[in-house]
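Q: Below: one structure in structure tokens.
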Amino acid sequence: MICPNCSTELKRTERTGQVCSHCHRRFALDPKRHGLGMHDLRIRRCVESITDGGRLQVTVTQLWYHSRTRSSAWSAREARGIRPGIRWTAAWAVCAALLVCGARTTGALTALAWGGIVAVLLVAGRIPYESALRAGWWISPAEEPFRQMMTGAWKQAYGALPVGVVNDERFTPRPTRPQPTSPKAVLLCTDRAVAVFLRANDFPLRLGAVLVEAEPESAHDALVKVPGTLPVVLLHDASALGALLAPLLRIAHPERTVVDAGLPVTVVRRRKGAVHRISPVPGVDAEQLRAVAGLSEEDAVWLAEGFWSPIAAVPPPLLATVVEEAVERAVASTGARPDSAPAYGFLTWPDTPGTKGAPTT
């Protein structure tokens, strides 16, 4: 690897204890210890990319998604084929019977018996079998080890997180941070990391919006606590609950305009390289998703199987643009009938979900 301090190419023996043997300065991450793609120069490039050259502040969670090297998700699968134990027990039984027949006969019948034994063994060896598979997902590196790298090894080497990165697990807004005096909209966010991102960059003040953070299950109660009939901009994951949230809020709050600026299911389901995860909670029925959320058959089935994609994985510069445009549209639509407001699922995924230097799957 290359030393992030003096740019010297280091062998493994020349970077013991994460200290460069040439400049004798400490660095944070070593790919041999922390995993593929986990080195200081790549993390710095990731930070430069997602902060838009320092224009934005981002969270550790957003940095984790952007700097991941691999990710995968798969649905459950039932066992297919014949189990090896059953297959070979039956094969050896048939072979034993053919062997007895061959021993008691002569000539062509004996040759036929031996040929049958060979055929049975070949067929038994080629019959495929796939064991049952539980639905699951993984991201490399995992979230907790990545957080430990950034809050542990990185802070030890440099004294703080990378410039522009905040720890969303311990983020506290400044007490003196001004609030909009005459809000024009409500930003209803169902993701903690995205809510911290919005607060850290003063989106509520700049856009004249009240930021409300709530889980999808409690979004209705949280919105009740916001007086008036301000239009609502909804930010949510591409998930079953996320897909149902906007239509249900429109029913529960007919006096408000609800603009759905969440992550569209179709975009992330089809997008190669997008982050896909599996929910441990049983999915919502596909028929309900089609009827209430108006999803296509493919999208509804995908969500019903438990798949979802986090909005925190959207590159922050793109997310910032989406939020700004959504608030503008929400404010512009306040004069229209609340029940006629369209769903603005206009969020799209970038061409490359990762960063140069590491593959993303």
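Bear in mind these aren't lab numbers, they're just calculated from the coordinates by the rules spelled out. Everything numeric here is computed off the predicted structure, so don't read it as measured data. Heads up, the Cβs are rebuilt from the backbone with ideal geometry, glycines too, and the neighbour counts pull from every protein chain shown.
Q: Pick out which of 231, 180, 264 has the largest mean-square fluctuation in a Gaussian network model of the chain, springs linking Cα atoms closer than 10 Å.
A: Among 231, 180, 264, the largest GNM mean-square fluctuation belongs to 180.
Q: Cut-off 10 angstrom, C-alpha nodes, Gaussian network model of the chain. Which of 56, 188, 235 fluctuates the most?
A: Fluctuation is largest for 56.
Q: Then there's this: So how do 149-156, 8-15 stack up, highest first, on mean other-Cβ count within 10 Å?
A: On the way: 149-156: 17.0, 8-15: 12.4.
Result, highest mean first: 149-156, 8-15.
Q: On to the next question. Given 4 °C and 1.567 mPa s, how large is the Stokes-Einstein diffusion coefficient of the range 80-130 in µm²/s, with Rh as the Kirkwood radius over Cα pairs?
A: 113
Q: Compute the distance from the alpha-carbon center of the range 221-294 to that of the range 69-116, in whole Å.
A: Between the Cα centre of the range 221-294 and that of the range 69-116, the gap is 52 Å.
Q: From Cα coordinates alone, what are the radius of gyration and Dmax values for the chain in angstrom?
A: 28.3, 103
Q: OK, next. Once every DSSP H run of n ≥ 4 in the chain is given -39500 (n - 2.57) and the sum is divided by its residues, what mean residue ellipticity at 222 nm do you get, rounded to the nearest 500 deg cm²/dmol? Please report the intermediate quantities before stating the final value.
A: Numbers: 15 runs with 145 residues, N = 361.
My calculation for the chain gives -11500 deg cm²/dmol from helical runs alone.
Q: Right, here's the next one. For the chain, what relative contact order do you get, as a whole percent, if you take Cα pairs closer than 8 Å and at least 6 residues apart?
A: For the chain, the relative contact order is 20 percent.
Q: Same structure, new question: For the range 236-243, in order, what is each residue's ³J(HN,Hα) by Karplus, 6.51 cos²θ - 1.76 cosθ + 1.60 with θ = phi - 60°, in whole Hz (x at glycine and Pro)?
A: Whole-Hz 3J(HN,Hα) from phi for the range 236-243: 8, 6, 7, 9, 4, 5, x, 5.
Q: Same structure again: Under the rule of at least 5 residues apart or a separate chain, name every residue whose amide H is placed under 5 Å from the amide H of residue 307.
A: 279
Q: A follow-up question, please. Quick one: which residues, 5 or more positions from residue 166 or on another chain, have an amide H under 5 Å from its amide H? H modelled 1.01 Å from N in the peptide plane, none for Pro or chain starts.
A: Result for residue 166 returns 58, 59, 60.
Q: Compare 125, 228, 136 in a GNM of the chain, Cα atoms joined below 10 Å, and give the one with the largest fluctuation.
A: 125
Q: May I ask what percent, to the nearest 5, of DSSP beta bridges between residues of the chain are antiparallel?
A: Working: 13 of 27 bridges.
The answer is about 50 percent antiparallel.
Q: Which Cys in the chain stand alone, with every other cysteine's Cβ at 4.7 Å or more from theirs?
A: Cys with no partner Cβ under 4.7 Å: 46, 95, 101, 189.
Q: Here is a follow-up. Please list, in chain and number order, the residues 5+ apart from residue 212 or on another chain whose amide H is under 5 Å from its amide H, with Hs placed from the backbone.
A: Amide H neighbours of residue 212: 187, 188, 189.
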